[in-house]
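Laboratory data are not the source of any read-out in this text; all were calculated from the coordinates shown. This structure is a prediction, so every number in the text was calculated from the model and none was measured. Cβ placement follows ideal geometry from the backbone for every residue including glycine, while neighbour counts extend to all protein chains displayed.
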Amino acid sequence: MADQSTENDALHRRGLMFILSSPSGAGKTTISHKLLGADDEIQLSVSVTTRPKRPGEVDGVDYHFVSNEKFDAMVEEDDFYEWAEVFGNKYGTPKGYIRKKLKQGQDFLFDIDWQGTQQLKQKDDQDVVTVFILPPTLEELRRRLESRAQDSDDVIDRRMDRARAEISHWAEYDYVVVNDDVDQCFVKVREILHAERMKRTRQTGLIPFVRELMG
C-alpha cells in the first residue's frame, strides 16, 4: 500500500476497466486473485446474475442475484455495459455504479469473455483496457483441465472446443500474455495495469497541475 505522503502527492486520475480474458484453465482466475490481493486500487466488478445462489455465496459480494424478470427489466432500461446468457443463466455488468466510481479514480477488474469485452468496448471504449492470457500449448491447457479432476472427458472436450474458439479472438485485445509461468505472467499483467494508469488521457489532475506549474 502507498504511504500517506505518496497518496497526497498523486495527481487525480480517472479509473479504468481492466479486462482479463482467457480460455478456462489458462490461469485467468489465479492472476485475478493475485492482482486483487496485491493492489488496493482495483476491485472486482460484481456482476448481476439470474443464476441461483450457491452455498457460501453472498449477495452483493459474489454476484447481485436477481430474478429473470428483474434482469430483463434492467436490459430494457439499458442498465448494463454488457450481458450474456450462458448455460441458461444470464450475467450482466451494471453501468451506474461503475461509471460513478471511475470518475473517482477507482479501477475495476473484469473476468469476462471476448463477447462481453466487445460489448464493453462499444459502450465505453476510453475506459477499457483488455488483456488476453494464452496457455503455452493446447496440450498443457488440457493437462491443467484434467488435473482439476472436476470434469468428465466429454466436458473437457467441450471446454477445449470452446478454448479454441476463444483463442481465435486474441487479436481483438490490447495486450496478449502467454502464461507459461504464473508468477512471470502476473508481473507482466501488473506492469500493463501500472502503465495504463499513467496514460496522459487518464491523468485528469494534470491540467490544473500544469496550469499552476506554468503560473
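Remark on the range 38-114: hydrodynamic radius 13.3 angstrom, per the Kirkwood mean of 1/r across alpha carbon pairs.
Calculated on the alpha-carbon coordinates, the convex hull of the range 88-215 measures out at 149 cubic angstrom per residue.
The value of relative contact order for the chain, using C-alpha pairs under 8 Å at least six residues apart, is 33 percent.
As a size descriptor, the averaged projected area of the C-alpha convex hull of the chain was calculated at 14.3 nm². Between Thr30 and Ala73, the modelled label-to-label distance comes to 4.3 nm, taking each label 7 Å out from Cα in the direction of the beta carbon. Counting lysine pairs in the chain that sit 8 or more residues apart in sequence, or on different chains, and whose Cα atoms lie under 18 Å apart gives 18.
Distances between placed amide hydrogens fall under 5 Å for Ser47 paired with His64, all partners being 5 or more residues away or on another chain.
The reciprocal of the average 1/r between distinct C-alpha atoms defines the Kirkwood hydrodynamic radius, which for the range 147-193 equals 12.9 Å.
Each Cα pair of the range 59-153 feeds into the Kirkwood radius, which the Stokes-Einstein equation turns, at 10 °C and 1.306 mPa s, into a diffusion coefficient of 100 µm²/s.
Per residue, the chain reaches -13000 deg cm²/dmol at 222 nm when only DSSP H runs of four or more residues are counted, each adding -39500 (n - 2.57). Summarising the amide proton neighbourhood of Tyr81: residues at separation of 5 or more, or on other chains, whose placed amide H is nearer than 5 Å comprise Thr93, Lys95.
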